[in-house]
Each structure stands twice: as structure tokens, then as C-alpha cells.
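Working notes for the structure below.
The values are calculated or read from the model by the stated rules, or taken from the named source; none is laboratory data. This one's a predicted model, so the numbers in the text were calculated from it and none came from an experiment. Positions of Cβ are backbone-derived with ideal geometry, glycine not excepted, and every protein chain shown enters the neighbour counts. Ligands, DNA and RNA are stripped out before the accessible areas are found, and what is left, the full protein with its side chains, is counted by its heavy atoms. Shrake-Rupley method; radii C 1.70, N 1.55, O 1.52, S 1.80 Å.
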Amino acid sequence: MASNEGKSQSDFAGVVKWIVLGVITITVLFLFKGEISRFLNKAETVKIGALEIKTAQTVLGTASVSNETVKASTVIGDGIQGSTYVNRNSKFQITWPEGNGWNASETMGKSLIQQLGFPPTVDMPLVIMKNEMVGNFRPNVNVVVETIGGMTASDYINRTVQALQQLGWQVLTKDIDEATQGGFISTYYTTSTFKLYQFQRIVVANGKGYVITASQLPPEDSLSQQLKAELLSILNSFRIIV
């Protein structure tokens, strides 16, 4: 019993570490002026062939909740290739809009991990950033990968939510697809002067937790439909390589 309790505390500590990392990397806060009810999502399920894909309605649009995969035989190369990033070691792929609007870095996240002294069980292999500032904000999407052993998506997401709540965050939406081990959460943090929101797609596979976070968004009146669509496309493009 004591052994299981120790493991639980260790797993929980790991979850807290990447949450703190995510908070630290958000260097500029953003404010949404709408009512909270506008962000309440409605989960839906669509069927693609034999596969049922669960989605949720968010302020960015229709977000994927399910863990979607791509066959290794169809994946080309490794690392950044144009507007696609392939990580064969961690077994995932993600894309961003083509053109000059976005760029990706494989070193930015790793440098931050090292500077903050995080353990080897936590990695940030990719940061995707908007090339141009939107007001005083630079929208970005980062990918954090954490070794979590045998935890399920439900375990990982629920512990994530618990850890966020302990840090003062409010959970706006939480959707879990047990069948594919995927999920999506929206959270916010309130002070007397601002509300800070985060949108996170979460996947559990290969003994790892993959957390794809959209952050550093501008105020809603500067968050154009194009930017919403671009951020959503990046979040939705994440695939586990099988």
C-alpha cells in the first residue's frame, strides 16, 4: 500500500512539473472579454469509416478530443521539414500553416527545460511560433512530452486538472475519449485585472503523456478568425505515429 501511495505521489509530481513549465513559458498574459458561458464546449462524435472521432466546440472552433494516428510507413523523414515536424523517437507528428506566417524551433523548449532543471522524464521537443506579433503578443503552440508509465488518459487528465486547481486555475472544459486515450481541456486563471486562458490537447500513448498547448494569445478583439483557424489547425494536426 505504501509503495502504491509513493508511486501515486511521484506520478502527481510529474504532472505538476509540466504544468509549472507551461505557466513559466507563457511570458505575456492575454484577456478574453466574453462571458465564461461562451467557452462552454459541447462534445460531439463523428464517424470516419470505422473510427469514431470525438470533438469539442471551443472558442477556437471544433477541437479534436480523440487521439488520432498516422502509419509510420506514410511518414517521411525526421525533424522539421517545411511546415511539418516528425519526431520518430517520441512517435508523433504535427504540422502548421504553410508560408511565412509561422516557424518552429527544436531548441527553444529544450533550452528552457535545461535552464529550469527539469528531469529527463519531461521534454519540450517543439515550439511553434507566429512570426509576427499580434499587438504585444506572440501566439505559439508548444509540445510537452512526459514519461508517465501506465497511467491512462483519464488518470493523467484528472490529475492534471487537480494540479491546475491546486495552483489556482479554474477548469472551464474537460473532455476525455477513453476509447482512443485522448482529451482536451480549457482552463483559466483570474486575478483582479486579467483572465489567463490555456487550450490543451492531451494524448496518452507509448507510456507518455503528450500535451499540446496553445498560449500567448492576444485579447479576443485582436484574435482574428484567421488566427483562430491557424491555432486550431495546429492543435488538430497532432498525430501519434504507429
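For the residue pairs K71/K91; K91/K228; K54/K174; K91/K208, alpha carbon separations beyond 19 Å are given by K91/K228. For the stretch 67-99, the list of trypsin sites (Lys or Arg not before Pro) that fall in a loop by DSSP and count at most 11 other C-beta atoms within 10 angstrom reads K71.
If you take all other residues with their beta carbon under 15 Å from the beta carbon of D78, and give Lys and Arg +1 and Asp and Glu -1, the sum is +2. Charge tally around L60: other residues with Cβ under 10 Å, Lys/Arg +1 each, Asp/Glu -1 each, net 0.
Within the set of other residues whose C-beta is less than 11 Å from the C-beta of R138, count the net charge using Lys and Arg as +1 and Asp and Glu as -1. Each step should come with its number before you reach the end.
On the way: positive: K130; negative: E132.
Every neighbour counted, the sum reads 0.
The accessible surface of the stretch 104-180, taken with every protein chain in place and a 1.4 Å probe, is 48 percent carbon and sulfur.
If only the Cβ of Lys and Arg carry +1 and only the Cβ of Asp and Glu carry -1, the dipole of the stretch 104-222 around its Cα centre is close to 200 debye.
R0 = 25 Å: FRET efficiency of A179 with M133, Cβ-based, nearest 0.05?
On the way: r = 40 Å, r/R0 = 1.61.
So the FRET efficiency works out to roughly 0.05.
Placing R0 at 35 angstrom, the Cβ-Cβ distance between Q166 and K110 gives a FRET efficiency of 0.80 after rounding to 0.05.
Keeping all protein chains in place, calculate the accessible area per residue for the stretch 63-173 (probe 1.4 angstrom), answer in Å². If you can, show how the numbers build up before the last one.
Details: 5110 Å² over 111 residues.
Dividing the accessible area of the stretch 63-173 by its residue count gives 46 Å².
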